[in-house]
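Single-structure report; data block below.
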There are 2 protein chains.
Amino acid sequence: MHHAIDESHDPNLKSWVESANDETTDFPLQNLPFGVFHTDDEEEGDGRIGMAIGDRVVDLLELCEAGAFDDLDDEENPIDEDLDAPALSILLMSGRERWGGIRDRVRELLTHGNDELAGEKELLEAALLPMQDCRMLVPGEVGDYTDFYASVHHATNVGSMFRPDNPLLPNYKWIPIGYHGRASSLVASGSEIRRPCGQTRPDENAPPVYGPCKLLDYELEVGCMMGPANERGSRLPIERAEEAIFGICLVNDWSARDMQKWEYQPLGPFLAKSFATTVSPWVVPIEALAPFRTPAFVRPEGDPQPLDYLDSKHNRESGGIDITLEVLIASKQMRDKGIAPVRVSVGSFKHMYWTFAQMLTHHASNGCNMEAGDLIASGTVSGPEKESRGCLLEMTWDGPGKPRKPIELPTGETRTFLEDHDEVILKGWCEREGYRRIGFGVCDGVILPART
Amino acid sequence: MHHAIDESHDPNLKSWVESANDETTDFPLQNLPFGVFHTDDEEEGDGRIGMAIGDRVVDLLELCEAGAFDDLDDEENPIDEDLDAPALSILLMSGRERWGGIRDRVRELLTHGNDELAGEKELLEAALLPMQDCRMLVPGEVGDYTDFYASVHHATNVGSMFRPDNPLLPNYKWIPIGYHGRASSLVASGSEIRRPCGQTRPDENAPPVYGPCKLLDYELEVGCMMGPANERGSRLPIERAEEAIFGICLVNDWSARDMQKWEYQPLGPFLAKSFATTVSPWVVPIEALAPFRTPAFVRPEGDPQPLDYLDSKHNRESGGIDITLEVLIASKQMRDKGIAPVRVSVGSFKHMYWTFAQMLTHHASNGCNMEAGDLIASGTVSGPEKESRGCLLEMTWDGPGKPRKPIELPTGETRTFLEDHDEVILKGWCEREGYRRIGFGVCDGVILPART
């Protein structure tokens, strides 16, 4: 199954929710991403499934209780149980027919001219909440979180710093390299990020020390949330890998570079990453991205072609996604002075060496069972140009042997790595002539000082 | 809180369940480990919490419903909800007072001379099930699974093979090295293990290939299941780390060595491990192991002492545990001929370079939140002698540059790595003069041929 362009992508489709028709919104009727929310006056335990439309959150449980989804319901697997949950996982387990059906029905209800809800003043008030009054949670209850390393630009840059003689290891162009991440410390956008303490060895001739991380970084990544995938012992052929994708979100894989450098051999990054990973609140269904699919990375001459199990015509032709990705930073001084966050980098997800289909197929190629709600992140998205590097480690790197070149903020402050109270904002969106803009909202976090 | 020897360890404590008084049982009244089970005629969804005593499984939910735990109950957090669950996690979230109280009460009920259940024929039949009629499940619903690398003997042996020039990396003696494992593919003892397929590069001058793993191995490990631990952003000081331990079990971290060798740089093992990890069914409460505590590994002269955050008097004096660990193998030919499984290795957990308290403290030292139900494995337990090496990679290694030396089975068959239909059985037990033997049961798996 390949997600094709159809009438749901028609740019002329308008909603009676006026803010959804604004050209600049992330959330037109063509998007309808899922998330988990509660209102400001509720508790975290009241989290339930919502959908974004313009500047509103659709409370799907309210619509459900009003009978909006009766035609999709099923006694053995009631829709309200899928929606009255503090995570998308239960809905995701129910499969694409269920979540796709809900999305189609909401699109129908919200389309300009549909008057099913027109007279229902009370229901409208309860079911179409102002986004600013809603608090968004981590969208999944993520069973397993995997982080890949799929940008060859990132791998080459970082490899040049950590292993100057040997930047890109021999397996890189054959294997979508990845590792297991920590699921417990996935946090919602807006969560404060405590600067971690950890063991580092700043002086190779002295013992290591334990203390606050000095080289704190963000990593701009794209995440893929899974629907039902494969049983343990079976695989996920590349032709069918996209069937297992529910949707796409943004991920900030905060990284303590000094801890990472000291700890990562031979078993990979561990505490340098596991203190927190921020996930954007809205998961954009993969179907909504059909107009923005691009060919997979075209390998330069001399690079090997992927082995058969990682190769398909569809993947070559449209395995990529052109998502524009932007990182912005605001220091405390900037916020205090009312200066808007400043762009640090901008690039596109289309430059990744490996596609999500390849990552998923490889992940399941040993019979590892992938489950609904799993989060698969791409690894840092860095493009070929300097301005599209997805972390400060790369952004302030000026070449082998040279001192780091800090970035300048509008206040005159400089940053080589993150300082306390810095805010990092990731944004992502898809644009293409003839289609509505599809946005991912923001993935946001502020650094708190280390606990001493 | 340090788990002290008290009257619950008195070897003279007998049960009216006669099989519990057998000197050879793993499960005397002094043990009382928790597990998740259903009877043979029930479904997996009927899993609930049980306790092992001699050759019986105590159905704790039955006892609960008969009122046995009324004095421990709490309207806001009912015991039956902790027990009527297909995983220990909910009970573990309730904390030590809850699970310790249940264990104390069961000990009281089952002690020789206690006649509270004497007249209750029907209840006894329902609540004391023959172990052979019970099917054991993965004990936790493990949120995160972490695998350490805490045996210096293992790290040195493996390092010598993978990096002959550089076997033990400079961080090893400073950091309890670990990595995140895959939680979804944790399986119960007795589950069949499908030989994985994967990418390997047997010939460095030719492209890699995708196909069945040729170097399949077991890894003998000890697991630690967590109770409530630390909030995100806070730590777990070493003096309090053992408070966060619920209990100890056995783990077989099946490993595809050819896949591991090709994939593991720079981010660590991934698909070489994530196809399956077997967990023993019974989690032995840490309190039951008090008589078997040993000093932490005494570092030879020249080794650095642990940094302060990884050091405490209690840990130095009794951070270790003397668990005898044994690996047995039975080939299909052996089973067909009625030949008993043969011992491949035997050693003790007391030789580990890092203790569980150090592993947990390090894990949380960056503010990573550890959660009830998390599983922390030790890494392969190899001791100083050749017969105590915990995997075939080490066991059949005859030194640098030499050809592998296969082990011989009683049938005349030989094994360098595992063959299809081989059964691997891990066993563990604690023994000490003046105390009852405390056993861990078995952690068992049979290899199935790869799917082609």
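The values are calculated or read from the model by the stated rules, or taken from the named source; none is laboratory data. Given the structure is predicted, the values throughout are model-derived calculations rather than measurements. Quick reminder, even Gly has a Cβ in these numbers, built from the backbone with ideal geometry, and neighbours come from all protein chains shown. Surface areas here come from the heavy atoms of the whole protein model, side chains and all, with no ligands, DNA or RNA. Shrake-Rupley method; radii C 1.70, N 1.55, O 1.52, S 1.80 Å.
Just one of the listed residues (A:S185, A:S191) is open to solvent by less than 10 Å² (accessible area, probe 1.4 Å), closer than 19 Å to A:G140 by Cβ and either assigned by TED's automatic domain parsing to the domain that holds A:L418 or modelled with pLDDT of 95 or more (or both), namely A:S185. The C-beta contact set for the range B:95-114 (first residue closer than 21 Å to B:E76 by Cβ, second residue of a type in the set (F, W, Y), distance under 9 angstrom, 6+ apart or interchain) comprises B:R96/B:F246; B:W99/B:F34; B:W99/B:F246; B:G101/B:F69; B:I102/B:F34; B:I102/B:F69; B:R105/B:F69. Going through (1) in contact with a helix residue (DSSP H, G or I) (Cβ under 7 Å, 6 or more places away or on another chain); (2) open to solvent by less than 10 Å² (accessible area, probe 1.4 Å); (3) facing chain A (nearest Cβ under 8 Å); (4) of a type in the set (D, E, K, R) one by one, B:R201 falls short only on (2). Residues in the range A:2-18 that are small (G, A, S) and more than 30 Å from A:A357 (Cβ to Cβ): A:S15 only.
In summary, helices (runs of 4 or more DSSP H) completely within the range B:95-163 and bearing 1 or more residues that are closer than 29 Å to B:E242 by Cα occur at B:96-110, B:152-162.
A:T294 meets each of the listed conditions (1) out of contact with any Asp or Glu (no Cβ under 7 Å at 6 or more places or on another chain); (2) more than 10 Å from chain B (Cβ to nearest Cβ); (3) surrounded by fewer than 23 Cβ atoms within 10 Å (Cβ to Cβ) apart from (1).
With respect to the conditions (1) aliphatic (A, V, I, L, M); (2) within 25 Å of A:P300 (Cα to Cα); (3) assigned to a helix (DSSP H, G or I), A:V346 lacks only one, and its number is (3). Taking each residue of the range B:213-240 that is in contact (Cβ under 8 Å) with a residue 60 or more places away in the chain and looking for partners that are assigned to a strand (DSSP E or B) and charged (D, E, K, R) with beta-carbon atoms closer than 7 Å, six or more apart or interchain, yields B:G233/A:R194. The condition of being more than 10 Å from every other protein chain (Cβ to nearest Cβ), under 19 Å from the mean Cα position of the chain (by Cα) and open to solvent by 10 Å² or more (accessible area, probe 1.4 Å) holds for only one of B:E239, B:E231, B:E243, B:E221, that being B:E243. Does B:K273 satisfy the condition of being within 12 Å of another protein chain (Cβ to nearest Cβ) and under 22 Å from the mean Cα position of the chain (by Cα)? When the stated conditions are applied, B:K273 passes them.
Tell me yes or no: at least one residue of the range A:42-60 is more than 24 Å from the chain's Cα centre (by Cα) and of a type outside the set (D, E). Looking through the range A:42-60, none of the residues is more than 24 Å from the chain's Cα centre (by Cα) and of a type outside the set (D, E). Please verify whether the range B:396-415 includes one or more residues that are of a type outside the set (A, V, I, L, M, F, W, C), under 24 Å from B:A296 (Cβ atoms) and either within 14 Å of chain A (Cβ to nearest Cβ) or touching a helix residue (DSSP H, G or I) at 6+ places or on another chain (Cβ under 8 Å) (or both). There is no residue in the range B:396-415 that is of a type outside the set (A, V, I, L, M, F, W, C), under 24 Å from B:A296 (Cβ atoms) and either within 14 Å of chain A (Cβ to nearest Cβ) or touching a helix residue (DSSP H, G or I) at 6+ places or on another chain (Cβ under 8 Å) (or both). Among the residues of the range A:220-239, those identified as charged (D, E, K, R) and not in a strand (DSSP E or B) are A:E231, A:R232, A:R235, A:E239. Across the range B:159-179, the number of residues qualifying as at the interface with another protein chain (Cβ under 10 Å from one of its Cβ atoms) and small (G, A, S) comes to 2.
Is there any pair linking a residue in the range B:381-398 that is farther than 20 Å from B:D147 by Cβ to one that is surrounded by 23 or more Cβ atoms within 10 Å (Cβ to Cβ) and modelled with pLDDT of 95 or more, with Cβ under 6 Å and at least six apart or on different chains, and which? Every condition considered, the pairs that remain are B:E387/B:S345.
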